[in-house]
Amino acid sequence: PAPKRARGGLIAAVLVAALLAGGVGGGLGYWAADRAGGNTTSETVNAPSGNGATDRAPESVAGIAAKALPSVVTLQVDGGSGRSGGGTGTGFVFDKQGHILTNNHVVAGVEGGGAELTAVFSDGKKYDAEVVGRAQGYDVAVIKLTDPGDRKLTPLPLGKSDDVAVGDATVAIGAPFGLSGTVTTGIVSALNRPVASSDGNRSNASYMSALQTDASINPGNSGGPLLNDAGAVIGVNSAIQSASDGLGGSAGSIGLGFAIPIDQAKRVAQTLIKTGEPVYPIIGASVDMRSQGAGAEIVEEAADGSPSVVRGGPADQAGLRGGDVITKFGGSAIDSGPTLISKIWTYEPDDTVDVTYERNGREQTTQVTLGKRTGDD
């Protein structure tokens, strides 16, 4: 899955192409009409109008979009050290204190890079913003306007991603390829999809047990809300699967989008707001991140040559050791190391989880009480 970023150059190319197509189409239309001659009159039939041409029911897609759009912002990252240009992403008002939730990879180049972050609201007004906290592993970040003035910031209502079912309707709002305020619709097409993606600089993997949707999302949608049919946020749009790199090397939608479940994003965001640092649940063991299909194998030794199972850590206390292959975690099937991490991070430190593993071809079970790691370093 590719990260959701749109470069300024790509945005310009798309807009120029649209203008050229419009110019050519207009010229051909005039030429054809000029040659046709004959009767130049036209009589049309109007459809009956409703009570109001712009009135829409609150539960309709148009009604949901109208209510949500004022709380969704387009995020513009301009320049910064080590960067060839800026990028575009999305965020939304998270709480009554005016915090804005987005993806880490949208703002990854801001801190320490000299880049400027700007939030643009649906009415076109722009505000400087600053990063409150980032969680690279979860791909979650929280920002805040540096000087909101008299701007009223209305948070979007948060739903419960644990209550989501396959087939539920979805509404995605964002700025694909810089086109702010774009609204698309679809359904939840799968649950608990393990996804590993990179940040804006294509490094430092993040992991999620994602909501999958066929609502069209593209580069620039990252950090935007995925809403249900009641207008409540159920996920944070973060990644897509793409068949090819597309125009300018940037991926496009093929109907496979992935969102961080809001239950997890909410927990991470509130920790960032409170402490400025992320907290991760851990099992205290190193697993093979390359093999797939048979489970997550605990390697014999870590990359630095140290034991793969931390002495006295959660895995050690649960009786796990190097060579064990974890096949289930909390009842969910595990087919690889990334899938295991995605599932672990849906829990919290101190949670006790059932684990199924294979040792020498024999299936065994144990329980792991999760430890914690603070920060991304």
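The values are calculated or read from the model by the stated rules, or taken from the named source; none is laboratory data. This is a predicted model, so every value here is computed, not measured. Every residue, glycine among them, receives a Cβ derived from its backbone with ideal geometry; neighbour counts consider all protein chains shown. These area figures cover heavy atoms from the full protein model, side chains too; ligands, DNA and RNA do not enter into them. Shrake-Rupley method; radii C 1.70, N 1.55, O 1.52, S 1.80 Å.
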Ala210 being open to solvent by less than 30 Å² (accessible area, probe 1.4 Å) and at pLDDT 95 or above
yes
Which numbered condition Asp316 fails, given (1) touching a Lys or Arg at 6+ places or on another chain (Cβ under 7 Å); (2) open to solvent by 30 Å² or more (accessible area, probe 1.4 Å):
(1)
Checklist (1) modelled with pLDDT of 95 or more; (2) under 28 Å from Thr339 (Cα atoms) applied to Arg193, failing item:
(1)
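Looking at the structure I just gave you, is Ala141 without any contact (Cβ under 8 Å) to a residue 60 or more places away in the chain and buried (at least 20 other Cβ atoms within 10 Å of the Cβ)?
So Ala141 does not fit the description; no.
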Residues in region 298-324 that are among the polar types (S, T, N, Q) and farther than 20 Å from Pro338 by Cα: how many?
2
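Using the structure shown, decide if Asp354 is under 15 Å from Leu370 (Cα atoms) and not assigned by the TED database to the domain that holds Pro155.
Details: under 15 Å from Leu370 (Cα atoms): yes; not assigned by the TED database to the domain that holds Pro155: yes.
So Asp354 fits the description; yes.
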Subset of region 183-201 (residues that are open to solvent by 40 Å² or more (accessible area, probe 1.4 Å) and over 15 Å from the mean Cα position of the chain (by Cα)):
Val183, Thr185, Ile187, Ser189, Asn201
Subset of region 319-346 (residues that are more than 19 Å from Ala205 (Cβ to Cβ) and assigned to a loop (DSSP other than H, G, I, E, B)):
Gly319, Leu320, Arg321, Gly322, Gly323, Asp324, Gly330, Gly331
Within region 85-110, the residues that are β-branched (Val, Ile, Thr) and either outside the structural domain of Leu75 (by the TED database) or within 11 Å of the chain's Cα centre (by Cα) (or both) are Thr90, Thr102, Val106
Going by the conditions given, is Val142 within 20 Å of Ile260 (Cβ to Cβ) and among the hydrophobic types (A, V, I, L, M, F, W, C)?
yes
Out of everything in region 264-278 that is buried (at least 18 other Cβ atoms within 10 Å of the Cβ) and not basic (Lys, Arg), what residue ends up being nearest to the chain's Cα centre (by Cα)?
Ala265
Would you mind stating whether Ser291 is farther than 28 Å from Gln270 by Cβ, buried (at least 18 other Cβ atoms within 10 Å of the Cβ) and under 27 Å from the mean Cα position of the chain (by Cα)?
no
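Identify, from the list Ile173, Ile143, the residue that is farther than 20 Å from Leu211 by Cβ and outside any loop (DSSP other than H, G, I, E, B).
On the way: Ile173 fails: farther than 20 Å from Leu211 by Cβ.
Selected residue: Ile143, the only one of Ile173, Ile143 that is farther than 20 Å from Leu211 by Cβ and outside any loop (DSSP other than H, G, I, E, B).
Can you tell me which residue among Gly124, Gly220 is part of a loop (DSSP other than H, G, I, E, B) and either touching a strand residue (DSSP E or B) at 6+ places or on another chain (Cβ under 8 Å) or within 29 Å of Val279 (Cα to Cα) (or both)?
Values: Gly124 fails: either touching a strand residue (DSSP E or B) at 6+ places or on another chain (Cβ under 8 Å) or within 29 Å of Val279 (Cα to Cα) (or both).
None of the others qualify; the one that does is Gly220.
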Tell me which of these Asp316 doesn't satisfy, since it passes every other one: (1) without any contact (Cβ under 8 Å) to a residue 40 or more places away in the chain; (2) under 18 Å from Val355 (Cβ atoms); (3) not in a helix (DSSP H, G or I).
(3)
